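Here the structure is laid out as C-alpha cells; the discussion comes afterwards.
The values are calculated or read from the model by the stated rules, or taken from the named source; none is laboratory data. Being a predicted model, the structure only gives us computed values, none of them experimental. Here the Cβ is made from the backbone with ideal geometry for all residues, glycine too, and neighbour counts use every protein chain on show. Heavy atoms of the whole protein, side chains included, go into the accessibility calculation; ligands, DNA and RNA do not. Shrake-Rupley method; radii C 1.70, N 1.55, O 1.52, S 1.80 Å.
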Protein chains: 2
Amino acid sequence: MAKDPAPALQRRTLTLRDVSDASGVSEMTVSRVLRNRGDVSGPTRERVLAAARALGYVPNRIAGALASQRVNLVAVIIPSLSNMVFPEVLTGVSEVLEDTGLQPVVGVTNYSPEREEKVLYEMLSWRPSGIIIAGLERSPAARAMLENAGIPIVEIMDVDGTPVDSAVGISHRRAGRKMAEAIVQAGYRRIGFLGTMMPHDHRARKRLEGFEAALAAQGLQVEDREFYSGGSALLKGREMTEAIMTRSPDLDFLYHSNDMIGAGGLLWCLNHGIDVPGKVGLAGFNGVELVQGLPCRLATMDACRLEIGRRAAEIVAGKRPDGATSGVVIELEPKLEPGDTIRRI
Amino acid sequence: MAKDPAPALQRRTLTLRDVSDASGVSEMTVSRVLRNRGDVSGPTRERVLAAARALGYVPNRIAGALASQRVNLVAVIIPSLSNMVFPEVLTGVSEVLEDTGLQPVVGVTNYSPEREEKVLYEMLSWRPSGIIIAGLERSPAARAMLENAGIPIVEIMDVDGTPVDSAVGISHRRAGRKMAEAIVQAGYRRIGFLGTMMPHDHRARKRLEGFEAALAAQGLQVEDREFYSGGSALLKGREMTEAIMTRSPDLDFLYHSNDMIGAGGLLWCLNHGIDVPGKVGLAGFNGVELVQGLPCRLATMDACRLEIGRRAAEIVAGKRPDGATSGVVIELEPKLEPGDTIRRI
DNA sequence: TTCCCGGCCGTTACCGCTAACATGCCATGG
DNA sequence: CCATGGCATGTTAGCGGTAACGGCCGGGAA
C-alpha cells in the first residue's frame with residue numbers, strides 16, 4: 001500500500017481527524033477520498049492521499065462498519081485445515097472474492113458441533129455479509145442462528161439434505177454408489193472398507209451408506225471393515241490394510257474413505273508384492289493431488305473442491321448470472337478417476 | 001450457545017435495546033450480564049439471559065470493539081495453507097489462544113510480498129490486538145506498518161534476521177548446516193539438491209545456504225541441482241529425482257528442500273530398485289506426519305511447527321511466565337530424524 | 001439577467017455498544 | 001439517629017467513522 005515508511009514515535013493510533021488536519025480538509029472529504037466514493041477534485045484527492053501516506057494512516061474498519069452497517073467479511077466455516085481438501089475450497093473462494101472487495105475469514109470446527117456453534121456465534125457477532133459453511137448437519141441452535149442471520153448462507157460440500165438457504169456440493173451417497181457400481185462392474189466381489197472413526201464426518205458416512213446400498217442392490221455386502229482415528233493417515237492406511245488383509249485374506253477390493261489412507265493401503269500392497277489391480281483393487285476418495293505422485297495412480301473420485309469454493313463465493317458475492325444470493329442449490333457431479341488400481345474390463 | 005431456536009420473522013437485526021426492553025432493565029445492565037462484568041444480581045442476570053436466548057440475540061462486536069477500544073482478534077499471516085506446515089502452526093496458536101478470549105484470524109499471502117502488504121493492511125484495519133506473521137523478510141511498507149501498529153508483533157518460523165519486535169522460530173541456516181554435516185559424516189560425498197523455484201521462500205533459501213556453507217567447509221559442494229514449481233509435490237519429487245539421477249548417475253545423496261518432494265524421490269528410488277541408503281541417501285525437511293507412512297522413513301528435520309505456534313501465541317496473549325509481550329526472541333532447536341534413508345555409521 | 005443544476009465540500013446525526021460516573025438502596029456502626 | 005459504604009442499577013458521553021443532506025460556486029439554458 002503505502003511506500004513511505006511511516007514516521008517513528010506514534011503516540012496513539014491515527015484517525016481520520018489526523019489526516020484531515022494534515023491535509024486541510026474535512027474528515028468527510030478524507031473519508032470520500034480513501035473510499036473512492038463521491039466527488040472530490042483531483043488536487044484535493046492528491047493532497048489527502050499524500051497526507052494519509054505520509055502519516056501511515058490505516059482506516060479503522062470497525063468504526064466504518066458500524067457507521068455504514070456494511071462489513072466486507074465473508075465467514076467460511078470448515079471442519080479442518082489439515083487434510084488438503086478444505087484449503088482447496090478456500091482457494092476457490094478467495095479466487096472469486098478477490099475482486100469484489102469481500103474478504104474470507106476462516107473458522108475451524110474440528111468436526112465438533114459444539115465448536116461449530118461457538119465459531120458461528122463468534123463469526124456472526126462480526127456481522128459478516130455472508131456465510132459459507134461446510135455440511136448440512138448441525139445443532140438446532142446453529143441452524144437457528146443461520147436462519148436468523150439475514151445474510152446469504154451457503155452450505156457446501158454436500159447436497160444430501162435440506163439446506164438452510166443455498167447449497168453447493170456433491171451427493172456423497174451417489175458418489176459412494178457410483179464407486180460401488182464401478183467396482184462390481186470390474187468384477188470384484190469380496191469388498192472391504194477402510195475409514196475414519198469420526199461420528200461427525202457425515203459426508204464419509206453418507207458415502208459408505210451409498211456404497212453399501214449399491215452393493216446390496218447387487219446382492220453383495222461389505223465383507224470386512226477397519227476404522228481408525230488420529231495419527232498419520234498414510235501410516236494408518238498401511239496398518240489398517242495389513243490388519244484387514246491378514247484377517248480377511250480373500251478380499252479382492254479395498255475401498256478407502258479418503259485418498260490418504262488409500263495411498264497408504266496401496267503402498268502396503270505394492271510392498272507386499274500383491275498384484276494391483278489384478279488380485280486386489282483399491283480406491284480412495286477426494287481426488288487429491290497427492291495420488292498423482294504414487295507409483296501407480298490410485299482410483300479416486302474428484303470431490304470438485306475448487307469448483308465448490310468458486311460457486312459458493314459467487315452466490316454470496318452476488319456474482320451469479322441471475323444475481324440470486326439465496327435459495328440456490330447446485331449439485332456438482334463427482335468424476336470417477338479409475339487410475340491404475342481398478343481392473344479395466 | 002443458545003438452545004432455543006430463535007423466533008421466526010425477524011425484521012431487523014437485534015440490538016441490546018431489544019433485550020433490555022424484553023427483560024425490563026437498562027441496556028447497560030444487559031451489557032454487563034452478557035459480558036459477565038460488574039455486579040448484577042442473580043435474578044436479574046437470569047431474566048436477561050433468558051430474554052437474550054429467547055430472542056436469539058447475537059452481540060454486535062463491531063459496536064463493542066469501537067466503544068471499548070478492544071478487539072479480541074489476533075491476526076495470523078502465513079504464506080500458504082496447502083503444504084501441511086502452516087496448519088500445524090495454526091493448531092499450536094489455537095490451542096494456546098483457546099482460553100484467553102482471543103481469536104486467531106488467518107490471512108494467506110501465497111508467498112507474495114504484495115499480497116502480504118495488502119493482507120497486513122486489511123488486518124490492521126480491524127485493529128487486532130496482536131499479529132503473528134511468518135518470516136522476517138518483507139517490504140519496507142509492511143515493516144513500517146508493523147512497527148507503527150502499537151501491538152505485539154511476533155515473526156515466526158525463522159530467526160535468521162532482525163525481527164520487528166518478537167520472533168519465534170528456528171535458524172534455517174543452521175538446519176541446513178546440520179543436515180549437511182550429518183550427511184558428510186555418514187560418508188556421502190556426491191550430493192545433489194532438489195528444491196522449489198520460489199524466490200520468496202526465504203527459509204528454503206537459507207537452508208540451502210547453510211547446507212552449501214557446511215559442505216564447503218568440508219571441501220565439498222552440491223554436484224547437481226533440480227528445481228520445480230507448481231504441481232503435485234510428490235509427483236514432482238519423482239520426476240526431478242529421475243531427471244537428476246539420469247543426468248548425474250553418480251550422485252550418492254539427494255537433499256530435498258521439503259518432505260513431500262523427498263517422499264517422491266524416495267518412492268522413485270525404491271521403485272527403481274536403488275539401494276537406499278546404501279547406494280543413495282535421501283533427506284527432506286519439515287518432519288511432516290506423512291513421512292511416517294512411507295515404506296521406509298525418510299530422513300528429515302523437525303521444524304517445530306506446533307511449538308512455534310504455541311510460543312508465538314503465548315507472547316501475544318501475555319501468557320509468558322515473565323509476562324513479556326514484546327522483544328522476545330525464541331530460537332527453537334530443530335531435531336534431526338535420521339530415519340532409514342541415511343546410512344548408520 | 002435569472003434560474004437551475006452539477007461538482008465540490010462541510011455539517012449533523014447517528015451506528016450499537018461500553019467506560020465512567022451518578023444514583024438509589026439497604027445494612028452497619030458509632 | 002444519621003453518616004458511611006458497598007452493591008445494584010441507570011445516565012451520559014463518546015468510540016471513529018459514514019449517510020444524508022445542505023451550502024456555495026460557476027456556467028449554460030431560458
**Fill in**
For the range B:197-203, Karplus-derived ³J(HN,Hα) couplings (6.51, -1.76, 1.60; θ = phi - 60°; whole Hz; x for glycine and proline) come out as 9, 10, x, 9, 8, 5, 6
**Asked** What angle do you read, to the nearest 10 degrees and between 0 and 90, between the alpha-carbon axis of helix B:85-97 and the longest principal axis of chain B?
**Response** 30
**Fill in**
Within the set A:Ser94, A:Ser129, A:Ser26, GNM on chain A using Cα springs under 10 Å gives the largest fluctuation to A:Ser26
**Request:** Once you have a ≥ b ≥ c as the square roots of the Cα gyration tensor eigenvalues for the protein assembly as shown, tell me rounded if a/c is under 1.5, and otherwise prolate or oblate according to whether a/b is larger than b/c.
**Result:** oblate
**Fill in**
For A:Ala67 and B:Lys279, extending 7 Å from Cα along the Cα-Cβ vector and measuring point to point gives, in nm, a value of 7.2
**Complete:** Output row for B:Arg189: copy-to-copy label distances, label 7 Å along Cα→C-beta, ascending, in nanometres, one decimal, is 6.0
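Nearest-5 percent of antiparallel DSSP beta bridges in chain A?
Rounded to the nearest five, the antiparallel share is 5 percent.
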**Asked** Cα convex hull of chain A: mean projected area in nm², to one decimal?
**Response** 22.2
**Item:** Set of aspartates and glutamates with alpha-carbon distance to A:Lys335 below 14 Å, sequence-local pairs under 8 removed
**Value:** A:Glu181, A:Asp302, A:Glu307
**Item:** Under 5 Å, built H, 5+ apart or other chain: amide partners of A:Gly281
**Value:** A:Phe253, A:Leu254
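Rounded to the nearest 5, what % of the DSSP beta bridges within the protein assembly as shown are antiparallel ones?
Restricted to the protein assembly as shown, the bridges split so that about 5 percent are antiparallel.
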**Fill in**
Helix A:305-316: inclination vs chain A longest Cα principal axis, degrees, rounded to 10, gives 40
**Relative contact order (%) - criterion: Cα under 8 Å, at least six apart; region: the range B:1-155** = 20
**Request:** Step through the table entries A:Lys279/B:Lys279; A:Lys178/A:Lys206; B:Lys118/B:Lys206; B:Lys178/B:Lys206; A:Lys178/A:Lys279, compare each Cα-Cα distance with 23 Å, and write down the pairs that go over it.
**Result:** A:Lys279/B:Lys279; B:Lys118/B:Lys206
**Message:** If you count only protein heavy atoms with a 1.4 Å probe, what accessible area per residue comes out for chain A, rounded to a whole Å²?
**Reply:** 42
**Request:** Between the label point of A:Thr15 and that of the same position in each other copy, find the distances and list them shortest first in nm, with every label point placed 7 Å from Cα along the Cα-to-C-beta direction.
**Result:** 2.0
**Asked** Taking a ≥ b ≥ c as the square roots of the eigenvalues of the Cα gyration tensor of the range A:66-109, is the shape rounded (a/c under 1.5), prolate (a/b larger than b/c) or oblate?
**Response** oblate
**Fill in**
Expressed as a percent, the portion of alpha-carbon pairs in the range B:81-142 spaced more than 12 Å apart is 72
**Complete:** Per the C-alpha gyration tensor (a ≥ b ≥ c, the square roots of its eigenvalues), the range A:209-262 is rounded if a/c is under 1.5, else prolate if a/b beats b/c, else oblate; here it's oblate
**Asked** To the nearest 10 square angstrom, what accessible area does A:Glu147 show with a 1.4 Å probe?
**Response** 110
**Message:** Please list, in order along the range A:286-293, the HN-Hα scalar couplings obtained from phi with the Karplus expression 6.51 cos²θ - 1.76 cosθ + 1.60 (θ = phi - 60°), rounded to whole Hz, x for Gly and Pro.
**Reply:** 2, x, 6, 3, 3, 4, 5, x
**Complete:** On the accessible surface of the protein assembly as shown, probed at 1.4 Å with all protein chains in place, carbon and sulfur together account for a percent value of 51
**Request:** Sequence neighbours fewer than 8 away in the same chain don't count; with that in mind, list the lysines whose C-alpha is under 22 Å from B:Lys319.
**Result:** none
**the range A:214-269: relative contact order in percent, alpha carbon pairs under 8 Å with at least 6 residues between** = 40
**Cα-based Rg of the range B:56-197 normalised by 2.2 N^0.38 Å, two decimals** = 1.29
**Request:** Express the C-alpha Rg of the range A:231-345 as a ratio against the empirical globular expectation 2.2 N^0.38 Å, rounded to two decimals.
**Result:** 1.35
**Request:** Considering the convex hull of the alpha carbon atoms of the range B:172-301, report its projected area averaged over all viewing directions, in nm², one decimal.
**Result:** 7.0
**Prompt:** Taking a quarter of the surface of the convex hull around the Cα atoms of the range A:16-59, what do you get in nm²?
**Reply:** 2.5
**Message:** For the full complex of protein chains and a 1.4 angstrom probe, list B:His272, B:His172 by accessible area with the highest value first.
**Reply:** B:His272, B:His172
**Prompt:** When only Cα pairs under 8 Å and 6 or more residues apart are kept, what is the percent relative contact order across chain B?
**Reply:** 16
**Fill in**
With all protein chains in place and a 1.4 Å probe, A:Arg53 shows an accessible area in Å² (nearest 10) of 100
**Message:** Using only the heavy atoms of the protein chains and a 1.4 Å probe, how would B:Asp340, B:Asp39, A:Asp21 rank by accessible area, largest first?
**Reply:** B:Asp39, A:Asp21, B:Asp340
**Request:** Enumerate the calculated ³J(HN,Hα) couplings along the range A:14-19 in order (Karplus 6.51 cos²θ - 1.76 cosθ + 1.60, θ = phi - 60°), each rounded to whole Hz, writing x wherever the residue is Gly or Pro.
**Result:** 6, 10, 3, 4, 4, 5
**Prompt:** Once the Cα atoms of helix A:42-55 and of chain A are each reduced to a long axis, what angle between those two axes, in degrees from 0 to 90 to the nearest 10, is obtained?
**Reply:** 70
**Asked** What number, rounded to the nearest 500 deg cm²/dmol, is the helix-based mean residue ellipticity at 222 nm of chain B, given -39500 (n - 2.57) per DSSP H run of at least four residues and division by all its residues?
**Response** -13000 deg cm²/dmol
**Asked** How crowded by other chains is A:80-89, given as the mean number of beta carbons from other chains within 10 Å of each beta carbon?
**Response** 4
**Asked** How many nanometers, to one decimal and shortest first, lie between the label point of A:Asp250 and those of its other copies, if labels sit 7 Å from Cα toward Cβ?
**Response** 5.7
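By accessible area of protein heavy atoms, probe 1.4 Å, what ranking do A:Glu95, A:Glu337 get, highest first?
Sorted descending by solvent-accessible area, the residues read A:Glu95, A:Glu337.
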**Request:** With springs only between Cα atoms under 10 Å apart, run a GNM on chain A and tell me which of A:Ile308, A:Ile153, A:Ile62 wobbles the most.
**Result:** A:Ile62
